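Notes follow once the structure below has been shown.
The values are calculated or read from the model by the stated rules, or taken from the named source; none is laboratory data. The structure presented is a predicted model; accordingly, all values stated were derived computationally and were not measured. Neighbour counts run over all protein chains shown; Cβ positions are idealised from the backbone, glycine included.
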Amino acid sequence: MDTADFPIFDENDILILGIGNYLMGDEGVGVHFIKNLDESSFPPRISFIDGGTGGFALIPFIENHQTVILVDATRDGKTPGSITLLKPKFSNDFPISLSGHNFGLKDMVDIMSLQGKLPEIYLFTISIEKIEPMKIGLSPEIENAIGELTPKIIKLVGEIREKQTREID
């Protein structure tokens, strides 16, 4: 992730953040999701970031949005390509089966929570079978899951916007 390519402070209130290691096969699903995303199919005021394995460097991006939608791989024993939506509020709410780079993600959540800067977080996990070092591509099951994920995230964004509208009224 080259943070120079992304404005930390923008007018957007929702961040869609793909996490993963592009060089580890299916484990990089969050990065592949962001790289292949058609941003024009989403409503305005959304930031899209390939977070890679950015760890603590992602804190300014996360804390400057009201809502963060994370996309990441998990090795949870479910059928590869299974999509699960979680709403973690604390680091302990993240699945244990998230891959190794997410140790930093859990620490970030704890830090932002202690500082009172934790946005509303939604986590979409895509189940993978294995991590394959030095493999750039995705398995067919994971490629298919990416196609299924976009409408799910668009629907969630609509629900978030609807909730925001109700809170304003």
State all residues of segment 116-130 that are surrounded by fewer than 14 Cβ atoms within 10 Å (Cβ to Cβ) and either closer than 15 Å to ASP93 by Cβ or free of Cβ contacts under 8 Å to residues at least 12 places away in the same chain (or both); if no residue qualifies, say none.
-> GLY116
Of the residues in segment 100-153, how many are part of a strand (DSSP E or B), hydroxyl-bearing (Ser, Thr, Tyr) and over 13 Å from the mean Cα position of the chain (by Cα)?
-> 1
Looking only at segment 53-75, count how many residues are of a type outside the set (Val, Ile, Thr), at pLDDT below 90 and in contact with a strand residue (DSSP E or B) (Cβ under 7 Å, 6 or more places away or on another chain).
-> 2
Is there any pair with a first residue in segment 131-143 that is of a type in the set (Ser, Thr, Tyr) and a second that is in a helix (DSSP H, G or I) whose Cβ atoms are under 8 Å apart and which are 6 or more apart or on different chains, and what are they?
-> SER139/GLY25; SER139/ASP26
Say whether the condition of being crowded, with 22+ Cβ neighbours inside 10 Å and touching a residue at least 60 places away in the same chain (Cβ under 8 Å) is met by at least one residue in segment 33-46.
-> yes
Looking only at segment 108-129, decide whether some residue is acidic (Asp, Glu), modelled with pLDDT of 90 or more and within 12 Å of GLY20 (Cβ to Cβ).
-> no
Quick one: count up the residues across segment 31-79 that are among the acidic types (Asp, Glu) and in a helix (DSSP H, G or I).
-> 2
